[in-house]
Amino acid sequence: MVYTDKEKYSEILSTSLTYLENSGFENIKADAEGYETPKSYHKKGSDIDVTPDIVAEKEGRKHYFELSLKSDQPRLLKSKWLFLNTLSTMTSSRFKIITTRGHYKFTNEMLEDINLADKKLIKI
């Protein structure tokens with residue numbers, strides 16, 4: 001999710017956090033009240049910071065989670081997903097996308113555009 005949409009979709013973020021806690025994830029970091037903020041990555045040569053929506057650990061492996069919700073800035077969202085996918089590949093982590101009803105088509109089209117159509121969605 002793009003930073004400008006954080007307030008708009010805060011309820012879905014809290015639902016996702018509850019889902020992950022119930023699924024056995026530990027050390028959960030998220031940009032939400034009561035949680036530690038995940039590490040941000042700064043894009044060199046610009047003023048853009050990339051922060052994963054949720055970072056958690058399960059069985060000793062780090063997982064990056066992104067909320068896929070309709071956005072006015074799909075290009076920024078695509079670049080964020082590509083970066084997090086590359087980062088997770090380099091660090092032997094996992095990258096997963098969480099979406100909800102009403103956002104499936106948008107998510108699938110975005111994933112096809114950036115050649116990540118093989119990613120399995122977590123549908124809440």
> What residue, among those in region 3-45 that are among the β-branched types (Val, Ile, Thr) and assigned to a helix (DSSP H, G or I), is most open to solvent (accessible area, probe 1.4 Å)?
Replying inline: 4
>> Given the criterion surrounded by fewer than 18 Cβ atoms within 10 Å (Cβ to Cβ), in contact (Cβ under 8 Å) with a residue 40 or more places away in the chain and of a type in the set (A, V, I, L, M, F, W, C), identify the matching residue among 65, 83.
In response: 83
> Considering region 18-52 alone, what residues qualify as being in contact with a Pro (Cβ under 8 Å, 6 or more places away or on another chain) and closer than 18 Å to residue 116 by Cβ?
Replying inline: 52
> Within region 86-102, restricting attention to residues that are part of a loop (DSSP other than H, G, I, E, B) and out of contact with any strand residue (DSSP E or B) (no Cβ under 6 Å at 6 or more places or on another chain), which residue is least open to solvent (accessible area, probe 1.4 Å)?
Replying inline: 100
>> If I ask for residues that are in a strand (DSSP E or B), surrounded by 14 or more Cβ atoms within 10 Å (Cβ to Cβ) and out of contact with any helix residue (DSSP H, G or I) (no Cβ under 7 Å at 6 or more places or on another chain), which ones from region 47-62 would you list?
In response: 55, 57, 58, 62
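The values are calculated or read from the model by the stated rules, or taken from the named source; none is laboratory data. Just so it is clear, the model here is predicted, and its values are computed rather than measured. Quick reminder, even Gly has a Cβ in these numbers, built from the backbone with ideal geometry, and neighbours come from all protein chains shown. Surface accessibility is based on the protein's heavy atoms, side chains included, excluding ligands, DNA and RNA. Shrake-Rupley method; radii C 1.70, N 1.55, O 1.52, S 1.80 Å.
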